[in-house]
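What follows is one structure encoded as C-alpha cells, with my remarks underneath.
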Amino acid sequence: MWLQKQWYKAKLHPLLILLAPLSLLFWLLTNLRRSFYYLGLIKRYKAEVPVIVVGNISVGGTGKTPMVVALCQWLKDEGWTPGIISRGYGAKGPFPHSIAENDNAADVGDEPLLMRRRTGCPVVIAPKRAEAAQLLSEQHPEVDVIISDDGLQHYALKRDIELIMIDGERGTGNGWLLPAGPLREGPWRLKGADWVISNYGRHAFARHVVDVNPGQWYRVDNNEKIELETDNSFNAVAGIGYPQRFFNSLSEQGVQVEKSQAFADHHVFSEEDFSQLSDKPILMTEKDAGKCQSFAQPDWYYQTIEAQLPEIMKTNLLAELERKKNAH
C-alpha cells in the first residue's frame with residue numbers, strides 16, 4: 001500500500017530510485033517479449049471471432065471491470081452475443097474453467113464472478129488467455145465477440161480492438177515502469193493506440209471519456225436491493241485497486257463514514273478483518289461483497305458502479321467491430 005501511494009506522487013521517493021535498475025530490466029525483458037511475438041518467433045492464437053481487449057498500461061484501479069460489464073450489456077442490446085475471458089486472479093484452478101453463477105469467489109476470483117453475475121454472459125478464466133478463448137468458443141459457439149478482461153500485455157492472444165483504460169485522476173503516476181512506478185508499459189503505448197479511454201476525468205491521450213457513477217445498494221448476505229439510510233453513520237472497507245476512490249465516493253454521496261479500512265487489491269476477506277468495524281453497519285464495493293457473503297451480517301451493504309459509454313464511442317466502436325467481424 002505504501003509503495004502504491006508513492007507511485008502516484010510527482011516527486012520520486014529516494015527509495016524508489018534504488019528500484020530504477022529493476023525498472024530498466026523490466027523494460028528490457030518486456031520489450032524483448034513483445035518483439036518476439038510480433039516478429040512471429042513465438043506463436044500467437046487467433047480466435048474465430050473478433051477479440052476486444054480491455055486493458056491498461058498501469059497496475060490496477062483504472063475501471064476495466066465496469067467497462068467490460070458496460071460493453072457486454074450494450075453489445076447484447078445491439079444484437080451481439082459476447083463472451084468474456086479473464087485471467088482469474090487468485091483463482092485456484094484447474095484451468096481453463098467456465099464460471100457458474102454459484103461459484104465461490106475464493107475459487108474463481110472476485111472480478112470474473114462479478115462479471116458473470118452482472119452480465120449473464122459466459123465467462124472463462126485461465127492464466128493463458130488463448131486457452132480461455134478456445135474453451136469459450138467450444139462451449140459457446142453462439143458467442144460472436146470475445147471480450148478479454150485485462151490482457152493488454154498478453155500478446156499470445158491476437159486482438160482486433162484494444163481499449164486502453166486510463167485513470168483521468170491519477171494518470172500514469174510518476175511515469176516509471178514497475179517496480180519504481182506503476183506502469184507495465186511506457187506512456188508511448190498510449191500515443192499509438194486507436195482507443196484510449198479515460199474515466200474519472202479527461203486525460204490528454206484519451207479519445208473518449210467514460211463516466212463511472214455509483215449505482216444501487218444491496219445487502220451483502222442475500223443481494224437484496226435496499227435504500228441506504230444516509231442519516232445513519234457507517235464503517236467502510238475496500239480491497240480494490242484504488243480504495244480511496246470508494247471512500248471519496250461515499251463522502252460525495254453524503255454518506256457519513258466513521259471508520260474506513262483499505263485492503264490490498266483482491267484481498268481474501270475473513271471475519272477477523274471486520275472485528276474492529278462491527279460497531280456500525282459496514283459498506284463495501286460489489287467486488288468485495290462476493291468474498292464476504294458466507295459470513296456477512298444483515299447490516300452489511302455493497303454498492304454497484306455503472307460505466308456510461310458515450311454515444312460517439314458506441315457508434316465508432318460498433319462500426320469498427322463490424323469491420324473486424326467481416327475480416328474474420
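The values are calculated or read from the model by the stated rules, or taken from the named source; none is laboratory data. All figures in this text were calculated on a predicted structure; none of them were measured in a lab. Backbone-built Cβ (ideal geometry, glycine too); neighbour counts: all protein chains shown.
Worth a mention:
- When Ser260, Ser198, Ser233, Ser249 are checked against the criterion of being among the small types (Gly, Ala, Ser), surrounded by 12 or more Cβ atoms within 10 Å (Cβ to Cβ), closer than 22 Å to Ile305 by Cα and in the same structural domain as Asn31 (by TED's automatic domain parsing), Ser198 stands alone in meeting it.
- Scanning the range 174-189 for residues that are within 18 Å of the chain's Cα centre (by Cα) and surrounded by fewer than 19 Cβ atoms within 10 Å (Cβ to Cβ) yields a count of 1.
- Selection of the range 96-113 for residues being within 19 Å of Val68 (Cα to Cα) and small (Gly, Ala, Ser) yields Ser98, Ala100, Ala105, Gly109.
- Residue, surrounded by the most Cβ atoms within 10 Å (Cβ to Cβ), within the range 1-11, restricted to residues that are out of contact with any Gly (no Cβ under 7 Å at 6 or more places or on another chain) and outside any helix (DSSP H, G or I): Lys9
- When the range 135-173 is limited to residues that are polar (S, T, N, Q) and under 15 Å from the mean Cα position of the chain (by Cα), the one that is nearest to Met313 (Cα to Cα) turns out to be Ser148.
- Test: residue in the range 12-27 that is part of a loop (DSSP other than H, G, I, E, B), touching a Gly at 6+ places or on another chain (Cβ under 9 Å) and at pLDDT below 95: yes
- Residue check, Leu41 in contact with a helix residue (DSSP H, G or I) (Cβ under 9 Å, 6 or more places away or on another chain), free of Cβ contacts under 8 Å to residues at least 12 places away in the same chain, assigned by TED's automatic domain parsing to the domain that holds Gly201 and over 24 Å from Ala264 (Cβ atoms): yes
- Of all residues in the range 236-245, those satisfying the criterion of being under 15 Å from the mean Cα position of the chain (by Cα) and crowded, with 24+ Cβ neighbours inside 10 Å are Ala238, Ile240, Pro243.
- Selected residue [buried (at least 21 other Cβ atoms within 10 Å of the Cβ) and at pLDDT 95 or above] from Pro96, Pro141: Pro96
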